[in-house]
Amino acid sequence: MTPDHDRPDHDRPDHDRIVHDGTELLAAAIGTVPDPGELAAALESTVRGLPDSAIVDVLRAVRPRTAAWFRAHGASADQAADSIADVDRKLARYGLRGTGLDWFCAVLTARVVTVGRLQFEIGDTAADGSAAWGVHVPETGPLDAPACDRSFDEAPALLRAVAPAHVAGWWQCRSWILDPGLADVLGPDANLVRFARRFELGPTSSADAAEGDGGVAKFVLGTTLPDARSAVSRGSIPSGRLAAGVAARWRSDEHWTARTGTIRVADPGRPPGARSSGAARHGASTPGVPSLP
């Protein structure tokens, strides 16, 4: 007989039971706007002793239940499918640990809702303590300004439907895309720069440099921060103006920064498409490649 410790993971006696328990734990949190970090820790505890592939089994088992919950709470079939699509997209691009289990927990509990080009996170909090809807940019192609306008226009109705206890007055984005020097690298008309100009930047913080450097390492250079810095020192970086701009800043012993920006959620009665001129005013006080989740 094959010793138990040599059996394939899926043949171990308790594997199916533990994966079932993890699936039920995650599924029970759908629609409750849980703390993603706390839920991730609970899931890790539930599957302790099994390989990471067991957690991936849990994530994939929950997907149809999340999609069904979205459909039952007012999302279209496309919105439901788009909202859970980030699971396989992130697993393929960054893996479980490269992405972070807390992000998968946020997606699969319907805390993150995809509406058109953008993702919106329920349960965010602005600097003054008021409710905010987080804004994320999934890696699904160019960050076209009219597509973003449509997302901002259409999202409030769905967000209010799926989480009526968490209605927000602000959009909030924290990302390396909001680094104030991005326009110097890409020019004022680049899609990323136009997206950044929508937001009014908040105060700087001590975490900005570390988060920004880590963000561009991952999303622009496609690797970890230590490996990205090593690649820059060797002159081995991807082509393109943005990668070159990151490298130039690091060679000058400067940091790329993550910043937090906000936009007031428009009055529901606002005519469609009226966002762009207001966004330009926000940008006066002031990131294709997407932002951090």
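Keeping all protein chains in position, work out how much accessible area Val265 exposes to a 1.4 Å probe, and write it in Å² to the nearest 10.
Approximately 20 Å² for this residue.
Counting only DSSP beta bridges with both residues in the chain, what percent are antiparallel, rounded to the nearest 5? Could you put the intermediate results ahead of the total?
Working: 17 of 20 bridges.
Once the DSSP bridges in the chain are tallied, antiparallel ones form about 85 percent.
Roughly how many nanometres apart are two label points built 7 Å out from the Cα toward the Cβ at Asp35 and Asp144?
Reported label-point gap for Asp35 and Asp144 is 4.1 nm.
If you place +1 on the Cβ of every Lys and Arg and -1 on the Cβ of every Asp and Glu, how big does the dipole about the Cα centre of the range 161-249 come out, in debye to the nearest 20?
Dipole magnitude for the range 161-249 comes out near 180 debye.
Quick one: if the Förster radius is 22 Å, what FRET efficiency do Asp253 and Asp227 give, using the C-beta to C-beta distance and rounding to 0.05?
The pair Asp253/Asp227 has a calculated efficiency of 0.70.
Wrap a convex hull around the Cα atoms of the range 146-224, take a quarter of its surface area, and give that in square nanometres.
Details: hull surface 27.9 nm².
Average of the hull's projected areas for the range 146-224 equals 7.0 nm².
Working out 0.36 nm times the residue gap between Ala72 and Ala207, then minus their Cα-Cα distance, what length gain in nm do you get to one decimal? Walk me through the numbers before you get to the answer.
On the way: separation 135, 0.36 × 135 = 48.60 nm, distance 3.91 nm.
Between Ala72 and Ala207, full extension yields an extra 44.7 nm.
About the Cα centre of the range 170-217, how large is the charge dipole given +1 on each Lys and Arg Cβ and -1 on each Asp and Glu Cβ? Please answer in debye to the nearest 20.
220 debye
Keeping every protein chain present and rolling a 1.4 Å probe, give me the accessible area per residue for the chain in Å².
On the way: 13260 Å² over 293 residues.
Per-residue value: 45 Å².
Take the solvent-accessible surface of the protein heavy atoms, probe 1.4 Å, and return the percent of it on the range 11-84 that carbon and sulfur atoms account for.
50 percent
In whole percent, how big is the carbon plus sulfur part of the accessible area of the range 132-278, probe 1.4 Å, protein atoms only? All intermediate terms of the calculation are to be shown ahead of the outcome.
On the way: 3470 of 6530 Å².
Answer for the range 132-278 is 53 percent, counting heavy atoms of protein chains only.
Taking all pairs of different Cα atoms in the chain, averaging 1/r and flipping that mean, what Kirkwood radius in angstroms comes out? Numbers along the way, then the final one.
Values: mean 1/r = 0.0493 Å⁻¹.
Hydrodynamic radius (Kirkwood, Cα only) of the chain equals 20.3 Å.
Which value at 222 nm does the chain reach when only helices count, each DSSP H run of 4 or more adding -39,500 (n - 2.57), with the total divided by all residues and rounded to the nearest 500 deg cm²/dmol?
One gets -16000 deg cm²/dmol as the mean residue ellipticity at 222 nm.
Quick one: grab Rg to one decimal and Dmax as a whole number for the range 200-256, Cα atoms only, in Å.
Both quantities, over Cα of the range 200-256: 11.4, 37 Å.
Under 5 Å between amide H atoms, partner at least 5 residues away or on a different chain: which partners does Val115 have, H built in plane at 1.01 Å?
Phe120
Output the direction-averaged projected area (hull surface divided by four) of the convex hull of the alpha-carbon atoms of the range 83-234, in nm².
9.9 nm²
Roughly speaking, what is the stretch gain from Glu44 to Ala81, that is 0.36 nm per residue apart minus the C-alpha to C-alpha distance, in nm to one decimal?
Details: separation 37, 0.36 × 37 = 13.32 nm, distance 2.58 nm.
Extra length from Glu44 to Ala81 when fully extended: 10.7 nm.
Return the loop-located GluC sites (Glu not before Pro) in the range 196-271 (DSSP other than H, G, I, E, B) with at most 14 other Cβ atoms within 10 Å of their own Cβ; answer none if there are none. Please list the in-between numbers first.
Working: sites: Glu200, Glu211, Glu254; in loops: Glu254.
Listed in order of number, the matching sites are Glu254.
Suppose R0 equals 25 Å; then what is the FRET efficiency for Arg264 and Ala165 from their Cβ-Cβ distance, rounded to the nearest 0.05? Could you put the intermediate results ahead of the total?
Details: r = 20 Å, r/R0 = 0.82.
With R0 = 25 Å, the Cβ-Cβ based efficiency is 0.75.
If you take all C-alpha pairs in the range 103-160, what percent of them are over 13 Å apart?
Beyond 13 Å sits 61 percent of the P(r) for the range 103-160.
Please give the charge dipole size of the chain, origin at the Cα centre, charges +1 on K and R Cβ atoms and -1 on D and E Cβ atoms. Round to the nearest 20 debye.
With Lys and Arg at +1 and Asp and Glu at -1, about 840 debye.
Starting from the Cα of Arg93, step 7 Å along the direction of its Cβ; do the same at Asp16; then give the gap between the two resulting points in nm.
Simple spin-label model gives 3.6 nm for this pair.
Hey, got a sec? Which trypsin sites (Lys or Arg not before Pro) in the range 27-118 land in a DSSP loop and have at most 11 other Cβ atoms within 10 Å?
The qualifying sites are Arg48.
The values are calculated or read from the model by the stated rules, or taken from the named source; none is laboratory data. The structure presented is a predicted model; accordingly, all values stated were derived computationally and were not measured. Heads up, the Cβs are rebuilt from the backbone with ideal geometry, glycines too, and the neighbour counts pull from every protein chain shown. Protein only, heavy atoms only, side chains kept; ligands, DNA and RNA dropped before computing areas. Shrake-Rupley method; radii C 1.70, N 1.55, O 1.52, S 1.80 Å.
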